[in-house]
Amino acid sequence: MTLLEKTATELLADLAAGRLSSAELVRACLEQIERHDGAVHAFLRVDSERALAQAKAIDERRARGDKLGPLGGLPVAIKDLLCDRDELCTCGSRMLENFRPPYDAAVIEKIKAADGVLLGRTNLDEFAMGGSTENSAFGPTCNPWDTTRIAGGSSGGAAACVAARMVPLSIGTDTGGSIRQPAGLCGVTGLKPTYGRVSRYGLVAFASSLDQIGPLAQSAEDAALLLEVIAGHDPRDSTSVPKEVPAYSKSVNKPLAGLRLGIAREHFAAGLDAEVERAVREAIKVYQSLGAKVVDISLPHGKYGVACYYVIAPSEASSNLARYDGVHYGHRTDVRIMSEALEAERAALEHGSAGRAAAEAAVAQLDTPLVRMYRQSRAEGFGPEVKRRIMLGTYALSAGYYDAYYLKALKVRRLIRQDYDTAFKDVDLIVGPVTSTPAFKIGEKSDDPLAMYLVDLYTVSANLAGVGGIVVPCGQSNGLPIGLQLQAPPFEEERLLRAAAMYQRETDWHRRAPTLA
Ligand code: GLN
């Protein structure tokens, strides 16, 4: 086995025993990135100097006999959506291409304090809006198993870098599936914690009632290690919950006896790829062979999840993204060329149809230099999907539509949560697919936003309900990974991790790595 095929847990043992130094490990990661990231594009930026300096400092402390933190010199990659005072934080957007945050996110502080090495910043859909990383302003991430295919998203870079064995651990975020979906499509383990489990202080907000930060890794054991570091209450994020953090890394290998697994009939409906269904059902059999009982359940409102999510998430996004106006934050248009652009726009309006007259009147009303600058800055800084979300959200929140869309979506959200509450009276975990097909081709759904949104069918409900979920690789179809999703009641991450580890002791899907050219 080569060095980077080892799991974080195995590497940590090597580091602790002095068989490996953190600097050696970081250099191996940098070489792997150098060799393969041209084809994969998991990273937006790699800070090799800083990573090597951090690694050397940790090695020196180890040599002196200091007690090291739980990450003990392991490299970690960070989705380019979390603030780190020493790095740019682009959010995959032209808008924040040059944004250098003035402070560290809570998760960054914790990784540093735990002696993790910050290796680099991973690619994502712009502001985490998307499911394929094709919405990154800096080009898509390719799936390491087949570089003509998407890596999933929005944490596509975070999943691909672990799959390509460029780094043992990475941090992603999940608003509607963005950790679990790319984990499934890239064949790695990814955990979305319960809403409130991990502090979002310093996370650039997409949809604040849904966003959570979580780990991606090769195994549940590794995810436990990283979750234990990043979880916990933080007074700077008022939605983080003051609950003790269990010692996930200690309990992860304890099997669960008498497990009751819920299979939702809605998860195996039309549209589910036959190979995906086969792999998921095989995985369930593995659990049965370990003594788990299978219970048929129903999540009847899940079918409204995508519609509900695509009202709530854009509504919150339209509000969160108001701050990018070129003054408070973000790209500011070149004021000289702006007036030329405005002239051109005016000319276009003059020659347009009658319907344009009304638009022109509205524009004229707002046509002050300041508003012109806002408009032009935002027009230049945001990509098409972000603009679409801002428009959808603004519409759903506007007077006259608020009740019909936003308020209605909130009510549906409550029903989705109630489905979970009911189901969890009878079962310990809900088990099913994470996506209905393996990774699709880059470009395949680019012209069809609705088709792209429907990819989120199996993931958005957990965010709407606030529950946690983990994805583990459970098979392959034509060489492409298939993921299994487990969902648990709120704050039962320990159960998710233990159940995932039980499966990974019986199978080796999580140990398979793609052959990179
Ligand atoms: N694919 C979903 C979306 O486009 C989820 C994104 C996420 O979880 N950040 O909104």
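Each reported figure results from applying straightforward, stated rules to the coordinates on display, with no laboratory input. Everything quoted here is computed from the prediction, not taken from an experiment. Please note: Cβ atoms are built from the backbone with ideal geometry, for glycine as well, and neighbour counts cover all protein chains shown.
Details
- Radius 10 Å from Cβ of ARG100, net charge of other residues (Lys, Arg +1; Asp, Glu -1): -2
- Amide H contacts of GLN212 (H built 1.01 Å from N, in plane; Pro and chain starts excluded): ASP174, THR175 sit under 5 Å, all sequence-distant by 5 or more or on other chains.
- The chain: projected area of the alpha-carbon convex hull, averaged over directions, in nm²: 24.5
- Taking every alpha-carbon pair under 8 Å whose residues sit at least 6 apart, the chain reaches a relative contact order of 19 percent.
- Relative contact order computed over segment 210-289 (Cα-Cα under 8 Å; 6+ residues apart), in percent: 20
- Residue order for LEU185, LEU210, fewest other beta carbons within 10 angstrom first, comes to LEU210, LEU185.
- Among GLU126, GLU24, the order by Cβ neighbours within 10 angstrom, fewest to most, reads GLU24, GLU126.
- Radius 9 Å from Cβ of ASN478, net charge of other residues (Lys, Arg +1; Asp, Glu -1): -2
- 3J(HN,Hα) couplings calculated from phi for segment 205-214 with the Karplus curve 6.51 cos²θ - 1.76 cosθ + 1.60 (θ = phi - 60°) are, in sequence order, 6, 10, 10, 5, 8, 10, 4, 9, 9, x Hz; Gly and Pro show x.
- Of all lysines in the structure, the ones whose alpha carbon falls short of 19 Å from that of LYS303, not counting any fewer than 8 places away in one chain, are LYS408, LYS411.
- Sorting the segments 506-512, 178-184, 485-491, 14-20 by their mean number of nearby beta carbons within 10 angstrom, highest to lowest, gives 178-184, 485-491, 506-512, 14-20.
- Neighbours of THR7 by Cβ distance under 14 Å: Lys/Arg scored +1, Asp/Glu scored -1, total -1.
- Cα long-axis angle, helix 48-63 against the chain (0 to 90 degrees, to the nearest 10): 30
- Helix-only CD estimate at 222 nm, as mean residue ellipticity for the chain, using -39500 (n - 2.57) per DSSP H run (n ≥ 4): -12500 deg cm²/dmol
- Under 23 Å of direct C-alpha separation, and excluding same-chain neighbours fewer than eight residues apart, LYS250 reaches these lysines: LYS6, LYS67, LYS110, LYS112, LYS192.
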